[in-house]
Structures are given as C-alpha cells and as structure tokens.
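In what follows, a single structure is set out as structure tokens and then discussed.
The values are calculated or read from the model by the stated rules, or taken from the named source; none is laboratory data. Because the structure is predicted, anything quoted here is derived from the model rather than measured. Backbone-built Cβ (ideal geometry, glycine too); neighbour counts: all protein chains shown. Side chains are part of the model used for accessible areas, which takes the heavy atoms of the whole protein and leaves out ligands, DNA and RNA. Shrake-Rupley method; radii C 1.70, N 1.55, O 1.52, S 1.80 Å.
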Amino acid sequence: MFAYFKREFLSFFKSPVGYVAFALFSFLSGFLFVSNFSSGAVSITTEVISLRSFFVIIIPIVTMGLFAEDKKRGTDIIYYTSPVSLLKVVLGKFLAAFCLFIILFINVVVHMIITKAYGGLIDYGVLGSVIIYFVLAALFISIGVLASAITDNQIVSAILSFVMIMIVQLLPTIGSFVANVLTSFLSLFSSVDSSSAVRIQNNIVNAFKWLDPFSRTDSFRYGIFSPVAVVFCISFAAFFIFLTYRVLEKKRWTQS
C-alpha cells in the first residue's frame, strides 16, 4: 500500500495537478483571509467553513487522474497482477490525495499564525472547523476516487466527481424541491388533507437533511463537537472506498 501511496503522492508534484491545486487553494484561502482581515473582523472559522464550499472545484482536479490515467495508459493491469490487495491500492491512492490536502492546509495555518500575532482569537470553534474540514475532505475525496475508477477519461472523471459532490452539497435544496413537488402532487387528491401533506413534506426535508454532511457538522463551528457526525462522514467515506474496490474487483474478474 505504501508503494502506491508514495507513487501517487509524488506524481502530484511531477505533473501540474499538485501545483494547480496548491495555487487555486492559496488564491481562495488568501482571498477569504484578506477579505476578513481588511474588514477588521478576522475569523479563521469563517475562512475554513467557506473553503469547504470549494471542495466541488478542487477535489475533482486532484482525484480525476488517480485511476483514470492508469486505465488510459493500460498500466492498471499492475493492480490485477500484483500480490497487493486491490483494497490497499485504493487506500494508497486515497491517502495520497488526502495528504495533498493536508499540505494545502498549510496556507490556513499561516493565516492562523498571522491572526494570533495580531491578537486574534484561536478558539474551540476554529478547532472544530478544522476537524470537520478534514473529515469532509475525506468524504469528498472518496467520492472523487470512485469517479476516477469508473472511467478512463480524466475529464469525464472530473465531471462525474463534480456532479456527485455538488449533489451532496445541495441535498437540503434537493430535499425541499422534492418535498414541494410531492406535496403539490398530493394536493390534487382530495383524500389527502393539508396537515398530512405538511407532515409528509417535513419528513422528506428531514430525511434529506439527515443525509447532509454539512447540516450534521455545522455545530462544530461553534465549538460543539458531535462524535456521531464524525462517524457518519467517515462511514460514508469508507462506503465510497469500498464501492471503488468493488468496481476494480469486478473488472478484475471480467478480464480473467
């Protein structure tokens, strides 16, 4: 597993991917920090929380070539012929992308140092936002890894990753839309009273909200830690990693 991790991690800096991701992350984090700093209300928590919204852009760039590029070159045959488990291959590539995000976060650490030097406050809210930042990064990276394993085209992989991450980020909006459509449909039937329709609508909204990792982890920004939310995100990350493994395993057996 370490060999695949090392190979993939170093490849980020042997190609433009790592530098593009670092430049983009530096620009976004720097822009957010300067905007807060110039307004006189520096908040690292706000910066970190805002950076989560840009996962939909950065993660597809980082993960698009993890498996797709090997498939395109035909070097993916190494996965199926080497004695290393396919699960370890997936974990190695996942950890490589995750470690790249740790390096990207150095920008925010520098901003923390500057904030502290100017008398700013680094409280539990900052700690909570950092924790959930990396937990959500792990979740969305696992989605990007799955997207890369599905196709042999990096552009298609990036688009798939973008769409899947966007859907996850828009779960509350999608839930409200589905609930409104269903409520409007049920209103056509006279047998469904208004109170029942409202109850159904609320249940649908709550179901989508239950699946939304942002809603589950929002309390971290206030220094309120919830182990359940962390376990929820890690469990879904493990689920997508397992799906990636099954995709590769299926290809192994169809080729043999």
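Quick look at the numbers
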| read-out | value |
| --- | --- |
| Whole-Å semi-axes of the stretch 72-201's equivalent ellipsoid (Cα gyration tensor) | 39, 30, 12 |
| Extended-chain gain in nm, criterion 0.36 nm per residue less alpha-carbon gap, ILE122 and ILE78 | 11.1 nm |
| GNM flexibility winner over the chain from SER196, SER219, SER43 (Cα, springs under 10 Å) | SER196 |
| P(r), alpha carbons of the chain - 5 Å bins starting at zero, rounded % | 1, 6, 12, 15, 15, 14, 12, 10, 7, 5, 3, 1, 0, 0 |
| Segment SER226-VAL163, length gained on full extension (0.36 nm per residue, minus Cα span) | 19.9 nm |
| Relative contact order, percent, the chain [alpha-carbon distance under 8 Å, six or more residues apart] | 26 percent |
| Value of [θ]222 nm, deg cm²/dmol, for the chain, DSSP H segments ≥ 4, -39500 (n - 2.57) each, nearest 500 | -26500 deg cm²/dmol |
| Whole-angstrom gap from the stretch 1-34 to the stretch 125-140, using each part's C-alpha centre | 18 Å |
| Rounded percent of accessible protein surface that carbon and sulfur make up, the chain, 1.4 Å probe | 71 percent |
| Calculated P(r) of the stretch 1-72 - Cα pairs past 16 Å, % | 58 percent |
| Per residue accessible area of the stretch 72-172, 1.4 Å probe, in Å² | 44 Å² |
| Per-selection Rg to Rh, the stretch 89-163 - Cα, Kirkwood hydrodynamic radius | 1.12 |
| Under 23 Å, Cα to Cα: Lys pairs in the chain, sequence gap 8 or more or different chains | 21 |
| Low-density loop cleavage sites - chymotrypsin sites (Phe, Trp or Tyr not before Pro) in the stretch 100-166, where at most 10 other Cβ are within 10 Å (DSSP) | TYR118 |
| Axial C-alpha extent at least 15 Å, average Kyte-Doolittle at least 1.0 - helices from the chain (DSSP) | 16-38, 86-104, 106-117, 124-150, 154-169, 171-186 |
| Whole-Å distance, taken between Cα centres, linking the stretch 46-100 and the stretch 203-256 | 17 Å |
